[in-house]
1. Residue separation times 0.36 nm, minus the C-alpha to C-alpha distance between M32 and A71: what's the value?
2. Which length gain, in nm to one decimal place, applies between S56 and F7 when the Cα-Cα distance is subtracted from 0.36 nm times their residue separation?
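Any read-out appearing in this document is the output of simple, stated calculations on the displayed coordinates, not a laboratory observation. All values reported here derive from a predicted model rather than from experimental measurement.
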Amino acid sequence: MVIIAIFAGALTGIVLGLFGSGGSIIAMPALMYLLNVEAKSAIAMSIGIVAAKSYSGFAGYFWAVPAALLAHALHTDSCRRR
């Protein structure tokens, strides 16, 4: 069962990475039909996955913008000193 879950997760990640579609469109059938998870539990797991991915995307963007502004400020400051 664990091997099927790992395979289903890897396949879902590859397909979603190639096509850029939402995670639930493939994760729900994989959870329900491959792993025999009931619908309510599959929905809860899918929502948890989407929430974690959304938070990680927000956190990456939240820290990338200040870092880019700082890098620009330091570069601009070093160019003025020359």
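1. On the way: separation 39, 0.36 × 39 = 14.04 nm, distance 4.68 nm.
Once the chain is fully extended between M32 and A71, it gains 9.4 nm.
2. Details: separation 49, 0.36 × 49 = 17.64 nm, distance 2.31 nm.
Length gained between S56 and F7: 15.3 nm.
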